[in-house]
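A quick write-up on the structure given underneath.
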Amino acid sequence: MMVTALLAEEVSALTNFLQYTFLGLQKGAVYATIALALVIIFRVSGILNFAQGEMATFSTFITWAIWGDGRVPIWAALALSLVVSFALGASIERLVIRPVSKKAAGNPLPIVIATIGLYLAFSALAPAIWGTDAKRFPTLFGEGSLSLAGASISYQTLGTLAVLAVVVGLLFVLFQKTKIGLAMRGVASNAESASLVGVSVGSVLMLGWALSSAMGCMAGALTANVGLNGALMIAPLIYAFAAATLGGFDSPAGAVVGGLIVGLVAEYSADYLAEVPFTTITFIGEQLRIFPAFLLILVVLLVRPQGLFGKPQVTRV
Amino acid sequence: MLWVENLTGGYGPVQVVQGLSFEVAAGEVVVILGANGSGKTTTLRTISGMIHGRGTVTFDGTSLLGKRPDQIVRMGIAHVPQGRGTITDLTVEENLRLGAYVRADREVEEDIEQWCAVFPRLGERRDQPAGSMSGGEQQMLAIARALMSKPKLLLLDEPSLGLAPLVTREVFEKLESINRETGAAVLVVEQNAGLALGISSRGYVLETGQIVAQGSSEELSTDEAVRQAYLGY
Amino acid sequence: MTAAAAPSELPDTSSEVPTRPNRKALMIKTVLCVVGAVVLIQMPLLMDRSTTQRLTQVLAIAVAVLGLNLLTGFNGQISVGHSAFMGIGAYATAIMMARHESPFILTMMVAMVVAFAVGVVVGLPALRIRGVYLALVTLALAAMFPQLVVRFSGLTGGSTGITLEDTQQVTTPQPVNDLFKSLTGSRLLDNQYRYYLALVVAVVCFVLVRNLVKSRVGRALIAIRDNETPAEVLGVNVGAYKVATFGVSAMLAAIGGSLFVMNADQAVPSEFGIQVSIELLTAVVVGGVATFVGPAVGALALVYVSDLFPKEHPEYAPVLFGLTLIVLMIISPGGIVGLAKQGWARLVRSRSA
Ligand SMILES: Nc1ncnc2c1ncn2[C@@H]1O[C@H](COP(=O)(O)OP(=O)(O)O)[C@@H](O)[C@H]1O
Ligand SMILES: [Mg+2]
C-alpha cells in the first residue's frame, strides 16, 4: 500500500514536471520568436524596437480579419498576413526609422521615442478599428494532444516548437548561405565597411525590419487562440526582452536559448514556487511570473554583462 | 577617368576640404601626400559618397556627388578606408565574398581563389575571423576585398598606417603588381611619401584642405619642400 | 542642440546654442523669464479649479521628468523604470498621510530618502551593465512595482489604492490663508495652495538641477555620457557618479510622485506602471533632451496632448499621439525646445543683422 502510494506520488511528480516543461517550452518558443525579431533589428541597426509587440498584435488582427471566422483557411490567412506584415515592417523602416535616424545623427533617444510612437499608434489602432472585445482565434495546430508519461503534450505545443525550429532554420540559411544574409551580417558588424563594398545599408535595414515584423506576425498567430485583444503581446514582449537580454542582444542563438529558458523558469516558478511570497498572486497577471526570471537574468548579467551568448564590450544603446 | 574640380566638403559647418582639383586617368597610379589632418580621408570619403561634397566630381563622365556609397561602388570605384575596415566578425572568405556583393557573374569563387593565391596568408586563414589577423594581413584582406568588386579605380587611405616598414613595403609591391595586372587605376593618399611616390606616376600635395603642389612623382621626390616635409631628409 | 556632442571637447553645457551673449538676446530672455514668472504665479488665480489641478499635475510630472532627464539626458543612462520611483514617492506620501496623518513635507522627505536608496541599489548594476541590458533591469522594476503594491495590500490598499480622507488632505494652512487674505482680500483655495506648493518645490528642484549640471560635477556627468573611457582618464570616478546620478534621479521622480498624490488625493498602483515610465521618457525627449526647460515643456505636452486631438473619436487619440511623436522626431530630434531654439537662433540672427 505505502509503496504504491509513494510510487504514485513520484509518478505524478514526474508527470507534473513534464507538464510544466511542455507549457514552459511552448511559451518559451513564442518568446524566442519575438526575441529573435528584436535581436535582428538590434543587430543590424542598434535599435531596440519597443513597438515589436504591438506590431505583432496588429499583424495578428490582420490575420484574424483575413481569416474572417473561417471564411478563409487559417493557414492561407496567415500566409497572406505574413506578406502584409513583411511589407509593413519594410515601410516602417523606410518611412519612420530612416528619416528619424538620419536626423538624430547618432543620438539613440529620438529613435527610441519614434519606436514608442509606433508602439502607441499600433496599440490603439487595432482596437480602434476592430473593437476592444476579445476575438475568437483558431488554434493553429488543432486541439488534440499526445500523452507522454501521464503528461499531455498538445499539438499546439509541438507545432509551436516546430515553428520555432523552422524559423531558426530559415534564418540560418538566410544568414549563412545567401548573399543578402552575408550583407546583413556585414552591416551588423560594420555598416560603413559594408556600404563601401556596395551593400545598400538602407535595403538591409528594410529587410531586417520586414523579417522582424513577419516573425511577430507568426508569434501572434501562435498565441492568439487564448483570445485576441489589444493586450495580446504586452506580457510576451517583456518576456522576449528579458530573453534577448539573457541570451545577449547581439546573438540570435542567445535569443532562442534565452526565450526557452525564460519560458521554463517562469513556468516552473509559477507552479513550484506557488507558496513563496510574490508568486501567490497569479490572478493579477502574467507579469509577476517573471520575477524569478528577472532575478536569474540580473545574476547572469552581473557575471556576464553582455548576456550568455553576447559579445563583450557592448556600447550601443 | 576620375575628374575632381573645386571640391569642398566637411563635417557639418566645418569645411575640411577647400576647393580641390585633381584627376586620375585610367590605369594610372596617383598619390596625394598630406600630413595628419590635412583632409586626405575627407577627400576620399567625399568621392565615395560617405559624406556630402560640393563642386564637381565625375567618373567616366558621370557625376558622383549626391550618389550613395553603394551606387558608387557599382560604378567601379572601390574604397579601402583608413584603418582598413575589414569586417572583423566575418571570416576572411566571407569578407572576400562580400567584396563581390555588387557582382552578378559566376566567377566569384574563382576570384576568391585567385586573390588567396596572390595573398597566400589570406588563403591560409580563409575560415578565421578577419578580426583575428594582424594589421598587415587585414590590410591585404581589405585590398583583396576591394578588388573583388572588379573596380576600375581603387581608392586607398593610408595603407601604411600602423604597419611595420617591411610589411608596408610588401603592401606597396602588391599594389604595383595589381595595378599592372588588372589595369585598375589607383588613387592612394599617404603620409609615407617614399613608397607611395615609388609606385605612382603623378602626385599632389595637400595642406589644410588645399593642393599646394603637384607634378610627376620624380619631380615631387626631388622637390625640396616635399623632401623635408614628407620624406624626412 | 542634440545630446550628441562632439566627444573630443568637453562642452560646459552641451545643450546651449553657442550664440554669443548678445545684448538683445539677453533682453528678450529676461523679458521671457519675467513674463513666464508672472504667468506661473497668476495662473491659479485666473483659472478654474480643474485647470489649476491639471497644472499642478503638470508640475508634479515635470519634476519626475527633470529627474529622468538628469539621468538620461545628461548622464546617458536610459531608464524605463522611473514610474516605480514615482510610485515610491506617491505611496510614501499616501501611506504616511492616510495612516499616520503626517505633514506632507515630512512625507516628501521620507519619499526622497527611500527613493534615493532604491535608486542607488537599482543603479548599482550600472557599474557593470550598460545600454539595453541596463534598460531591462529598470524595466523589471517598472513591471514589478504595481504587483508589489498589490502584494502588500495591507499597507498599500491593494489594487484600489489609498484615498486621502478630507481631513487628511493637504489644505491651505491658516497663517498662509490669513497672509493671502490681507494681501489680496480673498481666500487662498486649497487647490491654489497646492499649486503654489508644487510650484515652489518644482522651482527649487529645477534650480538645484541646473546648478548641479553647470558645476564641475555636471561636466563630469556629461563627459561620462559622451564617452566613458576618457572621463575615466580625466580622473572622474565613473562608477560613483553613475550610481549617485541614479539615486538623485530616483529622488526627483519620487518628489514628483509625492506632489502627484498631494494633488490627486489618492494613490493607485495602475497609475505607476510601465506605461508611465514610457510616458516620462517620451516627455524627456519631446521637451528636449539635456535642456533645462525641456522637462517642463514635456510634462505640459504630456498632460495636454490629448486635448489637441478631435473629441469625436477618442479611440484614435493614441494613434495621433504616436504619429505626432514620430513627426516631431523627424522634424526636431531636440524636441519642442530644440524647435524653439532653431526659431530663436533665427530670430536673434535676423535681429542683430
Ligand atoms: N567626423 C569628423 N567630424 C568633424 N571633424 C572631423 C571629422 N573627421 C575629421 N575631421 C577633421 O577634419 C580634418 C581633416 O581630417 P582628415 O580628413 O581625417 O585628415 P587626414 O586623413 O589627412 O589625416 C581634421 O582637422 C579633423 O579634425
Ligand atoms: Mg586620414
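The values are calculated or read from the model by the stated rules, or taken from the named source; none is laboratory data. A quick note: this is a predicted structure, and the numbers were derived from the prediction, not measured. Using ideal geometry, Cβ is built from the backbone for each residue, glycine included, and neighbour counts are taken over all protein chains shown. For accessibility, only protein heavy atoms count, side chains too; no ligands or nucleic acids. Shrake-Rupley method; radii C 1.70, N 1.55, O 1.52, S 1.80 Å.
When the helices in chain A are scored as -39500 (n - 2.57) per DSSP H run of 4 or longer and the sum is shared across all residues, what 222 nm value do you end up with, to the nearest 500 deg cm²/dmol?
Numbers: 12 runs with 220 residues, N = 317.
My calculation for chain A gives -23500 deg cm²/dmol from helical runs alone.
Round to the nearest 10 and report in Å² the accessible area of C:T171, as given by a 1.4 Å probe over the protein chains' heavy atoms.
Using a 1.4 Å probe on the heavy atoms, I get roughly 70 Å².
Per Stokes-Einstein, at 25 °C and 0.890 mPa s, what whole-number D in µm² s⁻¹ belongs to chain A, with the Kirkwood radius over Cα pairs as the hydrodynamic radius?
Diffusion coefficient, whole number: 120 µm²/s.
Write down the percent of antiparallel bridges among all DSSP beta bridges whose residues are both part of the protein assembly as shown, to the nearest 5. Before the final figure, lay out the partial values.
Details: 30 of 49 bridges.
If I count the DSSP bridges inside the protein assembly as shown, around 60 percent turn out antiparallel.
Could you pull the Rg and Dmax for the stretch C:242-340, using just the Cα atoms, both in Å?
In order Rg, Dmax, the Cα atoms of the stretch C:242-340 give 14.8, 47 Å.
What figure in square angstrom, to the nearest 10, would you give for the accessible area of C:T229 with a 1.4 Å probe?
90
Using R₀ = 51 Å, calculate the FRET efficiency as 1/(1 + (r/R₀)^6) where r is the Cβ-Cβ separation of B:T62 and B:A225; round to 0.05. Let's see the in-between values first.
Values: r = 36 Å, r/R0 = 0.70.
Given R0 = 51 Å and the Cβ-Cβ separation, E is 0.90.
As a test of reading the structure, rank B:R227, B:R103 by solvent-accessible area (1.4 Å probe, protein chains only), most first.
Details: B:R227 65, B:R103 15 Å².
Listed by decreasing accessible area, they come as B:R227, B:R103.
For chain C, set up a GNM with springs between Cα atoms under 10 Å and report which of C:G343, C:G273, C:G239 has the largest fluctuation.
Answer for the Gaussian network model of chain C: C:G343.
Which whole-number percent is the relative contact order of chain C (Cα, under 8 Å, 6+ apart)? Please list the in-between numbers first.
Values: 542 pairs, mean separation 118.3, N = 353.
Value for chain C: 34 percent.
With every atom except the alpha carbons ignored, what do you get for Rg and Dmax of chain B, in angstroms?
Rg, Dmax (Cα atoms, Å): 17.0, 51.
Of the heavy-atom accessible surface of chain C (probe 1.4 angstrom), what whole percent is carbon and sulfur?
Working: 10280 of 15560 Å².
Roughly 66 percent, rounded to a whole number.
Counting only heavy atoms of protein chains, what accessible area per residue, in Å², does chain A have with a probe of 1.4 Å? Please report the intermediate quantities before stating the final value.
Values: 12250 Å² over 317 residues.
Ligands and nucleic acids excluded, the result is 39 Å² per residue.
Between A:G46, A:G70, A:G117, find the one with the highest GNM mean-square fluctuation for chain A; connect C-alpha pairs within less than 10 Å.
Top of the fluctuation ranking is A:G70.
Please give the residues of the stretch A:113-146, grouped as numeric ranges, whose backbone N is less than 17 Å from a label point set 7 Å along the Cα-to-Cβ vector of A:D69.
A:130-139
Using protein chains only and a probe of 1.4 angstrom, how many square angstrom of A:W64 are accessible, to the nearest 10?
50
Once label points are set 7 Å from the Cα along Cα→Cβ at both C:Q342 and B:S134, what is their separation, rounded to one decimal in nm?
If labels sit at C:Q342 and B:S134, their model points lie 5.2 nm apart.
I'd like the Kirkwood hydrodynamic radius of the protein assembly as shown, using the inverse of the mean 1/r over distinct C-alpha pairs, in Å.
This gives a value of 30.5 Å.
At R0 = 35 Å, how high is the FRET efficiency between C:Q174 and C:N211 if r is their beta carbon distance? Nearest 0.05 is fine. Walk me through the numbers before you get to the answer.
Numbers: r = 34 Å, r/R0 = 0.97.
With a Förster radius of 35 Å, E is 0.55.
How many square angstrom of accessible surface are buried between A and C, both sides summed, with a 1.4 Å probe and rounding to 100? Please report the intermediate quantities before stating the final value.
On the way: alone 15280 and 17750 Å², together 28770 Å².
Summing both sides, the interface buries roughly 4300 Å².
Across peptide B:80-87, how many C-beta atoms of other chains are within 10 Å of each residue C-beta, on average? Don't skip to the answer; put the middle values down first.
Numbers: counts 2, 4, 0, 1, 1, 6, 3, 12.
Per residue, the average neighbour count from other chains is 4.
Could you order B:D111, B:D127, B:D89 so the one with the most accessible surface comes first? Probe is 1.4 Å.
Details: B:D111 20, B:D127 120, B:D89 70 Å².
Listed by decreasing accessible area, they come as B:D127, B:D89, B:D111.
According to the square roots a ≥ b ≥ c of the eigenvalues of the Cα gyration tensor, what is the shape class of the stretch A:87-241, taking rounded for a/c under 1.5, prolate for a/b larger than b/c otherwise, and oblate for the remainder? Each step should come with its number before you reach the end.
Details: a/c = 2.90, a/b = 1.44, b/c = 2.01.
Since a/c reaches 1.5 but b/c is at least a/b, the shape of the stretch A:87-241 is classed as oblate.
If amide hydrogens are placed 1.01 Å from N in the peptide plane, which non-local residues have theirs closer than 5 Å to the one on A:G227?
It is A:F137, by chain and number.
When a/c is below 1.5 the answer is rounded, else prolate if a/b is larger than b/c, else oblate, so apply that to chain C with a ≥ b ≥ c taken from the square roots of the Cα gyration tensor eigenvalues. Before the final figure, lay out the partial values.
Numbers: a/c = 1.56, a/b = 1.16, b/c = 1.35.
Note, shape of chain C comes out oblate.
Rounded to the nearest 0.05, what FRET efficiency is calculated for C:R54 and A:K102 with R0 set to 30 Å and r the Cβ-Cβ distance?
Working: r = 37 Å, r/R0 = 1.22.
The formula returns an efficiency of 0.25 here.
What is the stretch A:26-303's relative contact order, in percent, from Cα pairs under 8 angstrom and six or more apart in sequence? Before the final figure, lay out each step's value.
Working: 419 pairs, mean separation 98.5, N = 278.
Averaging sequence separation for qualifying contacts and normalising by length gives 35 percent for the stretch A:26-303.
Based on DSSP loop calls and a cut-off of at most 14 other Cβ atoms within 10 Å, the longest stretch of chain A free of exposed GluC sites (Glu not before Pro) is what?
Details: sites that count: A:E143, A:E275.
After excluding every exposed loop site, the longest remaining stretch is A:1-142.
Sort B:K152, C:K242 by accessible area with a 1.4 Å probe, largest first.
Reading off the accessible areas and sorting them downward yields B:K152, C:K242.
Build a GNM of chain A with springs between Cα atoms under 10 Å: which of A:P99, A:P292, A:P138 gets the top mean-square fluctuation?
Maximum among the listed residues: A:P99.
So what is the relative contact order for chain B, in percent, with contacts set as C-alpha pairs under 8 Å and at least six apart? Numbers along the way, then the final one.
Details: 459 pairs, mean separation 64.0, N = 233.
Relative contact order of chain B: 27 percent.
Give me the mean projected area, in nm² to one decimal, of the convex hull enclosing the Cα positions of the stretch C:100-208. Present the calculation step by step, with values, prior to reporting the outcome.
On the way: hull surface 39.6 nm².
The directionally averaged projection comes out at 9.9 nm².
What does the charge dipole of chain A about its Cα centre add up to, to the nearest 20 debye, if the Cβ of each Lys and Arg holds +1 and the Cβ of each Asp and Glu holds -1? Each step should come with its number before you reach the end.
Numbers: 16 positive and 13 negative charges, 260 e Å.
In debye, rounded to 20, chain A gives about 1240.
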